[in-house]
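Bear in mind these aren't lab numbers, they're just calculated from the coordinates by the rules spelled out. Here the structure is a predicted model, which means the values were calculated and not measured. Every residue, glycine as well, gets a Cβ built from its backbone with ideal geometry; the counts of neighbours run over all protein chains shown.
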Amino acid sequence: MTFKPTTAIAALLLAVPTLAIAEADDDTLIVNDELEMVTKAAAPAHLADDLDEVISGWHFRSDETQALQMDDFDNPGMLGVELAIDAWETVEGTAEKSCASCHGDVEESMAGVRAVYPKWNEAAGEVRTLEMQVNDCRENQMGAEKLGYTSGALTNMVALISLQSRGMPVNVAIDGPAQAMWEQGKELYYTRTGQLELSCANCHEQNYGNMIRADHLSQGQINGFPVYRLKNAKLNSVHARFKGCVRDTRAETYSPGSADFVALELYVASRGNGLSVEAPSVRN
Amino acid sequence: MAKGVKPRVKAPKKAAAGETVTLKTLISHKMESGQRKNKDGSVIPRSIINRFTCAFNGKTVVDVKLEPAISTNPYFEFEAVVPEAGEFQFTWYDDDGSVYETAKKVAIA
C-alpha cells in the first residue's frame, strides 16, 4: 500500500469531532492576583499575512495546568528559580567571582533583558541567546566551565533572568545586523523535515487549536520559556523543546546551541512580539 | 543527604480567632522510588520523604506517611483552625535520616 504520512496527519487533525471547543480559551492569566499578562495580541507586522492574532501557549492547556501558573507557590518552575538564586551568589571559576559580583541585584540588573533576547551582540558579532550569554560570562568573565546548553543549572539560571521581565512585552529586534539570521530562522520554520515531512508552520500556524492525538496544538510560542513540564518535572529550555518537535517529525534534529536553532529561536521569539514574557510557565 | 532539598510553606500571617485557614507546603525532593534501574542494570536506591507533619503550638494538625509512588516535589494543601496566636511547625522526614523543619507565625487579626 502506498500511504503518504502527511495525508495521514491531515486526516488525523480533521477527524477530531470537537474542533469548536478546542480553540484557544478566553481565560485571563493573572499571576499572584496582581500581574495581568497579555496572552493574546495583534500579530506583529512581519506575520500579518499569516496570522491575525498571536496567542500564548497557556490558552491551550487544561484549567488545572493553567492554574499552576497563576500562583508562584503552586508553580513548580519556581523551584528551579530558587536554585538559580543560590547559584547567582555562588563564587566559581579562576576569577573568584559570582554573577552578583558584577551584576549586583538580579532583580535590578536583569529587568527587561529576557524580553529582547535573542539579541545581536556587537562586540562578538553574533546573535546570542540568553544561554549563550550566560555561558560567555562564565567562560570569559569568571574563568568557569561552560554549562551544558540544556542542562538544569543553565536552564534554571535562564529562568531566574527571564522572571525579571515577567509581564513585559516580548520585543526582539529582527532588523539591522540580526536580519540575516532572522531570515535563516524563518526559512527553517517553513521547511518540512523528517519522514513525516512536516514544518513548524504545518502544526503551529495552520493547525493551532486542533487536537493532534491527545495534545492540543498551540502556536508554539516561546514567551513562556523556560517552561516547567509536568511530563518530565523540570524546567525545559527552548532548544530542548525545538529538538523534541523536530524529532517528532522523525528527523535527525539540529543540536541545542547550534546556529540553526539560534536562528530558529530568534525567528520564533519574534512571532511572539507583543505577548508578555511569562517565564517560568507551566505546560503538560 | 539528598541534594537540593528545600521546604516551602505558604500560610497567612494573620487570622481571626477560630478561623479556618489554608496552608500550602512543598518540599523539593527527587522522591526516588527504589523501583528504577540505572543504565548498568543496578537498582537506584530508594530515597524519599517518608513522613510529613504539621503542628500548631505543639498540637498535631496532620501527620502523613508517604510512600514511594508519590512523585517529585511532594505538595500538600490542607486546612487548619487557628484558635489563638502562635506558630505552625512543619517537619519533613527523609529516608536518609535528615529532618527538615520550618515554622510560620500567625497573629490574631
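Taking 14 Å as the cut-off, the amide N atoms of segment A:152-195 that come nearer than this to a point 7 Å along the Cα-to-beta-carbon line of B:T72 belong to A:152-156. Residues A:M157, A:M142, ranked from the fewest to the most other C-beta atoms within 10 Å, line up as A:M142, A:M157. At the listed q of 0.12, 0.17, 0.24, 0.25 Å⁻¹, the Debye profile of segment B:6-108, built from one uniform point per Cα, gives log10 I(q)/I(0) equal to -0.45, -0.76, -1.24, -1.31. Counting Cβ atoms of other protein chains within 10 Å of each Cβ in A:72-83 and taking the mean gives 3. With the convex hull constructed from alpha-carbon coordinates only, the protein assembly as shown shows a mean projected area of 24.1 nm² over all directions. Mean separation of Cα pairs under 8 Å and 6 or more residues apart, divided by the residue count, gives segment B:6-108 a relative contact order of 33 percent.
Subtracting the Cα-Cα distance of A:N121 and A:E89 from 0.36 nm times their residue separation leaves 9.0 nm of extension gain.
A Förster distance of 25 Å, applied to the separation of the beta-carbon atoms of B:N50 and B:E101, puts the FRET efficiency at 0.95. Of all the options A:L266, A:L163, A:L83, the one that moves most in a Gaussian network model of chain A with Cα springs shorter than 10 angstrom is A:L83.
Multiplying the residue separation of A:K146 and A:E107 by 0.36 nm and subtracting their alpha-carbon distance yields 11.7 nm. Between the listed residues A:V106, A:G93, A:F73, the Cα displaced farthest toward the positive end of the dipole of segment A:60-129, a dipole computed from Cβ unit charges relative to the Cα centre, is found at A:G93.
Only one residue of B:V64, B:P7, B:V21 has its Cα farthest out toward the positive end of the dipole of chain B, where Lys and Arg carry +1 and Asp and Glu -1 on Cβ, and that residue is B:P7.
Relative protection proxy for A:272-282, A:168-178, from highest mean packing down: A:272-282, A:168-178 (other beta-carbon atoms within 10 angstrom). Computed from the Cβ-Cβ distance with R0 of 45 Å, the FRET efficiency linking A:A153 to B:E84 stands at 0.50. Shielding of peptide B:4-15 by partners, expressed as the average count of other chain Cβ atoms within 10 Å per residue Cβ, is 2. Converting the Cα gyration tensor eigenvalues of segment A:68-149 into ellipsoid dimensions via √(5λ) gives semi-axes, longest first, of 23, 18, 12 Å.
For segment A:106-217, evaluate the Debye formula with one uniform point scatterer on each Cα (no solvent term) and list log10 I(q)/I(0) at q = 0.09, 0.13, 0.15, 0.20 Å⁻¹, rounded to two decimals. Here log10 of I(q) over I(0) equals -0.34, -0.70, -0.90, -1.19.
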